[in-house]
1. Sorted by accessible area (1.4 Å probe), largest first, how do D200, D109 line up?
2. Express in Å², to the nearest 10, the accessible area of I246 obtained by rolling a 1.4 Å probe over the protein heavy atoms while all chains stay in place.
3. Which value, in Å² and to the nearest 10, is the accessible area of R151 when all protein chains are kept and the probe is 1.4 Å?
4. Can you list the equivalent-ellipsoid semi-axes of the chain, largest first and in whole Å, using the square root of 5 times each Cα gyration tensor eigenvalue?
5. Within the range 170-226, report the trypsin sites (Lys or Arg not before Pro) that DSSP leaves as loop and that have at most 12 other Cβ atoms within 10 Å.
6. Zone of K132 (label point 7 Å along Cα→Cβ, backbone N under 16 Å): which residues in the range 165-204?
7. If you put +1 on each Lys and Arg Cβ and -1 on each Asp and Glu Cβ, how big is the dipole of the chain around its Cα centre, in Debye rounded to 20?
8. Whole-Hz ³J(HN,Hα) for each residue in the range 80-90, computed from phi via Karplus 6.51 cos²θ - 1.76 cosθ + 1.60 with θ = phi - 60°, x for glycine and proline: what do you get?
Amino acid sequence: MAAANIIARHGTVFGAAFDERWQVRHIGVSSNEALISLRGSKYVQSDIAATYKEAETLLKAGQPVLFSGTPCQIGGLKGYLGRDYEQLYTIDVVCHGVPSPKVYQKRLDEVVALANEPIAKVNFRDKTTGWKRFNIIFQTASHTFATHKRRGPYMRLFLGNLSTRPSCADCAFNNKRSQADLTIADYWGVNKHFPLFDDDKGVTLVLINNHQGQALFDACHSQLECQITDFEHAAEYNAAVAKKMIPHPGRQQFFQQLDHQSLASLANEFLGPAEQ
């Protein structure tokens, strides 16, 4: 809704999208049709490319800009701009940590080798089986590789803190230190706090961090079905909201072995067998 609001004001929305090689890169879009490419989770570090400079050019011309990304990407944008802009709106996501692009590329290569054909689609959060038990899917023209978030090697390595960046363990932007106007996350625990909202299709938690965020939220509020909550309830079942990621002690060894073993064998070696 926030993105559509900015586009309705003839602005530009920046966010993470897949490119033709299924790499994740930040781009700017200015139409509702193009917004589709920015939707959906992308569990890999995105390439910011020249989007900070592009956003600055638009802001200096007086155009509205909405920039979305991880908390550190929003912090980087603010540092790059070096000043506030009345027409700049920012949204970050509650972040568990950023998975390595090298690990992601290895997973793409493994799928291509198994299928003997190129990647046709990646869906990091397929909700066919529900929001709580989503699958990660890698597809080619003839094959679909779908695994539960806690069974497939890519997500297991991510959630086990083996493939995340070391700097994520000392994040300067989590635990209510976001520099974004709005912060969004999954509202894990909504089934306990607001069971009537729990349809297993997904409920978004929105944290309003400042007056700019309040103004953007108010502009969209009438189009949303909302329930006010407090930070303690919102963070109760989502550790990434308020706690730092603790790196796996075997991370360095994992990367030393990354070029010589499959992701599945590495996940089993460092994390044990996947849950059934």
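1. Working: D200 55, D109 85 Å².
Ranking D200, D109 by accessible area, largest first, yields D109, D200.
2. Surface open to solvent at I246 totals about 130 Å².
3. Estimated to the nearest 10 Å², R151 gives 90 Å².
4. 31, 22, 19
5. K176, R177, K201
6. Taking a point 7 Å out along Cα→Cβ of K132, the residues of the range 165-204 whose backbone N falls under 16 Å are 186-204.
7. The calculated dipole for the chain is roughly 500 debye.
8. The phi angles translate into 5, 5, x, 7, 8, 10, 4, 8, 9, 10, 10 Hz.
The values are calculated or read from the model by the stated rules, or taken from the named source; none is laboratory data. Model, not experiment: these values are computed from the prediction. Reconstructed Cβ throughout: ideal geometry from the backbone, glycine too, with neighbour counts over all protein chains shown. Accessible surface is based on the protein model in full, side chains and every heavy atom, while ligands, DNA and RNA are left aside. Shrake-Rupley method; radii C 1.70, N 1.55, O 1.52, S 1.80 Å.
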